[in-house]
Number of protein chains: 2
Amino acid sequence: MSEYKAFTTDAAIAFADKHSELFGEHSKLSAEEFGGDNLHLIFRVENDKGTSLIVKQALPYVRSVGESWPLTTDRTRIEAEVLKMHRRFCPKHSVDVRYFDPVDCAILMEDLNAYRIVRSELIAGKKPGHLALQIANYMANTLFYTSDFVLSGATKKAEVARFLNPEMCLITEDLLFTDPYCNHERNSIEPSILEKAKTLWHDEALKAEVAALKADFLSKPQALLHGNLHSSSIFIDDDNCKVIAAEFGFFGPIGFDVGSLLGNLLLNYLACPGHHALEDSSEQQTYLLQQIEQLWQQFSEVFTELMRTETQDPALESGLYQSKFLQQILSDSIGYAGCELIRRTVGMAHTADFESINDASTRATCQRLAIKLGRELIMQRAELSNISQLLTLVRYQQTE
Amino acid sequence: MSEYKAFTTDAAIAFADKHSELFGEHSKLSAEEFGGDNLHLIFRVENDKGTSLIVKQALPYVRSVGESWPLTTDRTRIEAEVLKMHRRFCPKHSVDVRYFDPVDCAILMEDLNAYRIVRSELIAGKKPGHLALQIANYMANTLFYTSDFVLSGATKKAEVARFLNPEMCLITEDLLFTDPYCNHERNSIEPSILEKAKTLWHDEALKAEVAALKADFLSKPQALLHGNLHSSSIFIDDDNCKVIAAEFGFFGPIGFDVGSLLGNLLLNYLACPGHHALEDSSEQQTYLLQQIEQLWQQFSEVFTELMRTETQDPALESGLYQSKFLQQILSDSIGYAGCELIRRTVGMAHTADFESINDASTRATCQRLAIKLGRELIMQRAELSNISQLLTLVRYQQTE
């Protein structure tokens, strides 16, 4: 039996050639390694007709840290299986996985070369009108159809076991819920906001709420989550969005996916003054709040309709229960969005929304606002009963 | 490889002889089949010195229904593994499993022949003073040490997968949470309370709350539960209690175990007028309410102390979070106790507490009170913030 080897471009070509009929026998293939990230090698393999596919191979360690931080390559199986499952329930917005190889820990998939990364688009001041609606549809469908509303107890339990994903979950458990609330060496805090960040380490009321959110992350397997649904996991073109990179997928609280995206939209919202002139910034912020409102409205409409018409368990058919369930998703989502704001500001992994703000003082202001808003979202999540109240809170928190 | 065969007494002797050193080479063994239940064959194997052990073998179907209701024999593995795990954390009150055989689906274990079944004792008007304290210790230790407070994410997830127990969970999902709230053929309802039972089928507010409790049963793997902790799963002698029969064990909401026992104590409480003369009944009820109070007080004291001193995850060390967590266990427990009262009154499987009341009119009164109290517990569980309030509610509900 063969064993894992990191791909060269030639190996990536051979892999793509073997597992796809897209490339005819006589077509010439070329490949380039590009992008990639901390955890993967990524190749674009293309034939001389311009047809291309992506080969994504897991590295057995975190590249930025090196072999001292080994990481399961089983995450590639998770990624492939989550994307396939999500594609069953929302084919339009899930990237197409053509093939997965468990030995090479590699996926052959659709090339989204005509698409752009949502985070970059937002930072550039683009205002795609279809982002929120489409991703709301993606979340409502993928999360509903993998939940207890649809799956039998036995099927659900077997699926939970198939997607345990302990190592990737541990990363989130540590980086999102633990590190930012103590003086941890993994944290990355700019000196200018250190005093503000330190308040998190001694905020007992906040820690109690974050503990509850972490406990749910650990023990509330409501649906098969994407698990890392931030704005760099979504690709967009003029008509469509597609979700990629599901290696953090597992059965967890539905609000975690919704809250991850919500938090990333809010990060971008807070970063606007760092990227745009005053009037443009205000317009971009208005656009983002509209997207946030649409995201929840559409999600809640679709999810409600699915609960009403597609629920398989008679005991969960109660409309009253379903509306409370949705309310709880909103509350959870707001809480996880708050956690996302805080971890992207003081935790190990930041995002370009803040990092690409050149002016240090503006950046610090944005970061302090993120900590403040993050805290408010976490603390007030149970009191915010609709999306308008959330938007009011966001607008109100814009001053330090 | 050998295959499953239902044991004869001779086979039970051979099994016990082979897997225990208790029986010397020359001792004469005898066996009797006794007790047993819907799901098992049970043998007592004894040598001529009076030393005895129990052989418990799973039947591959529900005996009262026959081979048309097949049932996984994997439940014996679950039972053995849960009891072993619980014995690690509370050896005093968990029956000692000596050996488990996956082919025979049989367990060799400690004989509790000097013990009596708690339910029978309570029906007979006994007032053991050590019941609540000891079982509270059992629950606090077994549930705490298998929870996220102690287990790492990776260990916990692996354990969740090891104890999925889908078939046994399905029985509870159906019989406890679904059937009683609709006109299901599995229900067993005495004609005299049919009108009262029917109110459950159209009680939308109640159904919404039961749905939430069922959803938690499906998707809240807080700790490794016993899963069926009623008063016939506990054996007692003059000094000690031991828990048996963990074949329903799985990772679920902590309040489910606490609530199962609470519900069974309340069943017995409501049945008192059917078993005892007026004054005796009142004394027995006073005793039972004291036990209920002790059960929660002791559980909450021990669990609180364990959370305070033994929590391994720094993110869950918040005292404020821990006290909210305990509050939620109380609320869940009260809800599941309410479900237990209702399912034992109108569902498929009743208990001797009511069934052994000879006077039909008294029995009907008890059953109607159980439905009424069950409903109140479910509906008011979030408002009852301490055990005194629960006891007040119970006393107040004693009239139809």
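The values are calculated or read from the model by the stated rules, or taken from the named source; none is laboratory data. Because the structure is a prediction, the values reported are computed rather than measured. With ideal geometry, Cβ positions are generated from the backbone for all residues, glycine too; neighbour counts draw on all protein chains shown.
Any residue that is of a type in the set (S, T, N, Q), over 30 Å from A:GLN322 (Cβ atoms) and surrounded by fewer than 19 Cβ atoms within 10 Å (Cβ to Cβ) - is there at least one of those in the stretch A:109-117? Walk me through it before giving the result.
Of the stretch A:109-117, the ones of a type in the set (S, T, N, Q) are A:113.
If we keep only those that are over 30 Å from A:GLN322 (Cβ atoms) as well, we get A:113.
From what is left, the residues that are surrounded by fewer than 19 Cβ atoms within 10 Å (Cβ to Cβ) are A:113.
Yes, some residue in the stretch A:109-117 is of a type in the set (S, T, N, Q), over 30 Å from A:GLN322 (Cβ atoms) and surrounded by fewer than 19 Cβ atoms within 10 Å (Cβ to Cβ).
Scan the stretch B:114-127 and give yes if some residue there is assigned to a loop (DSSP other than H, G, I, E, B) and within 24 Å of B:VAL55 (Cα to Cα), otherwise no.
Looking for residues that are assigned to a loop (DSSP other than H, G, I, E, B) and within 24 Å of B:VAL55 (Cα to Cα), one finds at least one in the stretch B:114-127, hence yes.
Of the residues A:THR146, A:THR172, A:THR142, which single one is within 29 Å of A:LYS214 (Cα to Cα), touching a Cys at 6+ places or on another chain (Cβ under 6 Å) and hydroxyl-bearing (Ser, Thr, Tyr)? Even if it seems obvious, please write down each step before you answer.
Working: A:THR146 fails: touching a Cys at 6+ places or on another chain (Cβ under 6 Å); A:THR172 fails: touching a Cys at 6+ places or on another chain (Cβ under 6 Å).
Result of the check over A:THR146, A:THR172, A:THR142: A:THR142.
Could you check, for the stretch B:137-158, whether at least one of its residues is among the basic types (Lys, Arg), modelled with pLDDT of 95 or more and under 27 Å from A:LYS156 (Cα atoms)?
Yes, the stretch B:137-158 contains a residue that is among the basic types (Lys, Arg), modelled with pLDDT of 95 or more and under 27 Å from A:LYS156 (Cα atoms).
Among the residues of the stretch B:89-106, which ones are more than 19 Å from the chain's Cα centre (by Cα) and either farther than 24 Å from B:LYS18 by Cβ or not small (Gly, Ala, Ser) (or both)? Walk me through how you get there before you give the answer.
First, pick out the residues of the stretch B:89-106 that are more than 19 Å from the chain's Cα centre (by Cα): B:98-106.
Residues satisfying the conditions are B:ARG98, B:TYR99, B:PHE100, B:ASP101, B:PRO102, B:VAL103, B:ASP104, B:CYS105.
If B:LEU164 meets every condition in (1) at pLDDT 95 or above; (2) facing another protein chain (nearest Cβ under 10 Å); (3) touching a Leu at 6+ places or on another chain (Cβ under 8 Å) apart from one, which number is that one?
With (1) at pLDDT 95 or above; (2) facing another protein chain (nearest Cβ under 10 Å); (3) touching a Leu at 6+ places or on another chain (Cβ under 8 Å) applied to B:LEU164, the lone miss is (3).
Looking at (1) surrounded by 17 or more Cβ atoms within 10 Å (Cβ to Cβ); (2) more than 14 Å from chain B (Cβ to nearest Cβ); (3) at negative phi, which one does A:SER147 not meet, given that it meets all the others?
A:SER147 satisfies every listed condition except (2).
Is there a residue in the stretch A:336-346 that is within 30 Å of A:ARG186 (Cβ to Cβ), of a type in the set (Asp, Glu), surrounded by fewer than 23 Cβ atoms within 10 Å (Cβ to Cβ) and in contact (Cβ under 8 Å) with a residue 40 or more places away in the chain?
As a first pass, look at the stretch A:336-346 and keep what is within 30 Å of A:ARG186 (Cβ to Cβ): A:336-346.
Now drop any that are not of a type in the set (Asp, Glu), which leaves A:340.
Those left that are additionally surrounded by fewer than 23 Cβ atoms within 10 Å (Cβ to Cβ): none.
No: zero hits.
For the stretch A:41-48, state whether one or more residues are touching a Leu at 6+ places or on another chain (Cβ under 6 Å) and in contact (Cβ under 8 Å) with a residue 12 or more places away in the chain. Steps first, answer last, please.
Taking the stretch A:41-48 as the starting set, the residues that turn out to be touching a Leu at 6+ places or on another chain (Cβ under 6 Å) are A:45, A:47.
Keeping just the survivors that are in contact (Cβ under 8 Å) with a residue 12 or more places away in the chain gives A:45, A:47.
Yes, the stretch A:41-48 contains a residue that is touching a Leu at 6+ places or on another chain (Cβ under 6 Å) and in contact (Cβ under 8 Å) with a residue 12 or more places away in the chain.
Which of the following residues is at pLDDT 95 or above, surrounded by fewer than 20 Cβ atoms within 10 Å (Cβ to Cβ) and over 30 Å from B:HIS275 (Cβ atoms): B:GLN298, B:GLN294, B:GLN312? Write out each step before concluding.
Details: B:GLN298 fails: over 30 Å from B:HIS275 (Cβ atoms); B:GLN294 fails: over 30 Å from B:HIS275 (Cβ atoms).
On inspection, the qualifying residue turns out to be B:GLN312.
Restricting attention to the stretch B:20-51, which residues are surrounded by 19 or more Cβ atoms within 10 Å (Cβ to Cβ) and either among the small types (Gly, Ala, Ser) or at pLDDT 90 or above (or both)?
Answer for the stretch B:20-51, where residues must be surrounded by 19 or more Cβ atoms within 10 Å (Cβ to Cβ) and either among the small types (Gly, Ala, Ser) or at pLDDT 90 or above (or both): B:ALA31, B:LEU41, B:PHE43, B:ARG44, B:VAL45, B:GLU46.
Residues that are of a type in the set (D, E, K, R) and closer than 25 Å to B:LEU83 by Cα, at least 2 per element: which helices (runs of 4 or more DSSP H) completely within the stretch B:194-276 meet that? Break it down into steps so the answer makes sense when it comes.
On the way: elements: B:194-201, B:204-219, B:254-275.
Here the list reads B:204-219.
Could you list all residues from the stretch B:60-104 that are of a type in the set (Phe, Trp, Tyr) and either in contact with a helix residue (DSSP H, G or I) (Cβ under 7 Å, 6 or more places away or on another chain) or buried (at least 20 other Cβ atoms within 10 Å of the Cβ) (or both)? Break it down stepwise before answering.
Here is the first cut: in the stretch B:60-104, the ones of a type in the set (Phe, Trp, Tyr) are B:61, B:69, B:89, B:99-100.
Scanning the stretch B:60-104 gives B:PHE89, B:PHE100.
Among the residues of the stretch A:167-187, count how many are at the interface with chain B (Cβ under 10 Å from one of its Cβ atoms) and in a loop (DSSP other than H, G, I, E, B).
Looking only at that region, the number is 2.
Looking at B:GLY227, B:GLY259, which one is at positive phi and crowded, with 24+ Cβ neighbours inside 10 Å?
After ruling out the rest, the residue left standing is B:GLY227.
Note down all Cβ pairs under 7 Å where the first residue falls in the stretch B:180-209 and is closer than 18 Å to B:CYS366 by Cα, the second is crowded, with 16+ Cβ neighbours inside 10 Å and among the polar types (S, T, N, Q), and they're at least six residues apart or on different chains.
B:PRO180/B:ASN187; B:GLU190/B:GLN367; B:ILE193/B:GLN367
Residue check: is B:GLN298 within 23 Å of the chain's Cα centre (by Cα) and more than 17 Å from B:ASN264 (Cα to Cα)?
yes
Residue by residue through the stretch B:188-215, note down the ones that are within 14 Å of chain A (Cβ to nearest Cβ) and aliphatic (A, V, I, L, M).
Within the stretch B:188-215, B:LEU200, B:ALA205, B:LEU206, B:ALA208, B:VAL210, B:ALA211, B:ALA212, B:LEU213, B:ALA215 qualify.
Whether any residue in the stretch A:264-273 is more than 20 Å from the chain's Cα centre (by Cα), more than 14 Å from chain B (Cβ to nearest Cβ) and either touching a residue at least 12 places away in the same chain (Cβ under 8 Å) or at positive phi (or both) is what I want to check.
Scanning the stretch A:264-273 turns up at least one residue that is more than 20 Å from the chain's Cα centre (by Cα), more than 14 Å from chain B (Cβ to nearest Cβ) and either touching a residue at least 12 places away in the same chain (Cβ under 8 Å) or at positive phi (or both).
Restricting to the stretch A:161-184, give me the number of residues that are within 29 Å of A:ARG308 (Cα to Cα) and surrounded by fewer than 21 Cβ atoms within 10 Å (Cβ to Cβ).
Matching residues across the stretch A:161-184 total 2.
For the stretch B:71-95, which positions are within 22 Å of B:ILE236 (Cβ to Cβ) and in contact with a Cys (Cβ under 9 Å, 6 or more places away or on another chain)?
Hits for the stretch B:71-95 are B:LYS92, B:HIS93.
Kindly indicate whether B:SER188 is of a type in the set (Gly, Ala, Ser) and under 21 Å from the mean Cα position of the chain (by Cα).
yes
I want to confirm something. Restricting to the stretch A:216-242 and keeping residues that are hydroxyl-bearing (Ser, Thr, Tyr) and within 17 Å of A:VAL118 (Cα to Cα), which single residue is nearest to the other protein chains (Cβ to nearest Cβ)?
Of everything passing the filter in the stretch A:216-242, A:SER233 is nearest to the other protein chains (Cβ to nearest Cβ).
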